[in-house]
């Protein structure tokens with residue numbers, strides 16, 4: 001059975017069984033390795049991606065639930081040559097140590113700031129409670145998100161009215 005969805009702006013037809021977790025489809029079928037397998041139980045956040053603008057745990061989401069929907073992974077935020085604001089901020093703040101949790105952190109932060117561009121530091125902290133980092137780089141991660149928030153707000157202020165980015 002084919003499941004059609006949009007991943008990082010491109011329409012794709014996934015051939016995996018509809019009950020296959022989205023994480024496996026992204027990694028094994030589509031070759032997108034940003035989302036990580038952490039626990040497989042939805043308890044660590046390493047597999048976080050966005051579906052229709054909302055942060056979700058891709059290890060718990062069957063493929064059939066994303067049919068016709070828009071999936072955004074960390075690869076969709078930018079490229080190595082042209083990182084998006086969130087990626088650039090994580091690089092500038094050296095927020096990654098081992099890097100395993102970072103894609104999930106970025107995606108949860110992106111979803112939070114997309115839904116609430118003016119989120120307070122406390123709201124950002126609360127949103128990130130679902131994502132674990134064993135290396136302890138939480139302060140640098142938070143600094144990176146706040147930096148990205150500032151850059152995103154500045155970019156939004158300079159955009160013509162009605163022009164959407166995502």
Checklist entry - Helix-derived [θ] at 222 nm for the chain: sum -39500 (n - 2.57) over DSSP H runs of at least 4, divide by residue count, nearest 500? => result -9500 deg cm²/dmol
Item to check | Over the range 97-166: Kirkwood hydrodynamic radius from C-alpha pairwise inverse distances, Å | outcome: 12.8
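May I ask you to derive the relative contact order of the chain, considering only C-alpha pairs under 8 Å and at least 6 residues apart, and to give it as an integer percent? Mind showing how you got there, number by number?
Working: 268 pairs, mean separation 36.6, N = 166.
Dividing the mean separation by the residue count of the chain yields 22 percent.
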Checklist entry - Over the range 77-158, what is the relative contact order in whole percent, taking alpha-carbon pairs under 8 Å and six or more residues apart? => result 42
Checklist entry - Against the longest alpha carbon principal axis of the chain, how many degrees, from 0 to 90 and to the nearest 10, is the axis of helix 138-158 turned? => result 80
Next on the checklist: Compute the distance from the alpha-carbon center of the range 1-44 to that of the range 98-147, in whole Å.
Outcome noted: 22
Item to check | Tensor-based shape of the chain (alpha-carbon gyration tensor, a/c under 1.5 rounded, otherwise prolate or oblate) | outcome: oblate
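Suppose we keep just the DSSP beta bridges with both residues in the chain; what percent of those would be antiparallel, to 5?
Within the chain, antiparallel bridges account for around 85 percent of the total.
According to the square roots a ≥ b ≥ c of the eigenvalues of the Cα gyration tensor, what is the shape class of the range 1-70, taking rounded for a/c under 1.5, prolate for a/b larger than b/c otherwise, and oblate for the remainder?
Details: a/c = 1.61, a/b = 1.40, b/c = 1.15.
In terms of gyration-tensor shape, prolate.
Values quoted throughout were computed directly from the atomic coordinates according to the rules given, and no laboratory measurement underlies them. This structure is a prediction, so every number in the text was calculated from the model and none was measured.
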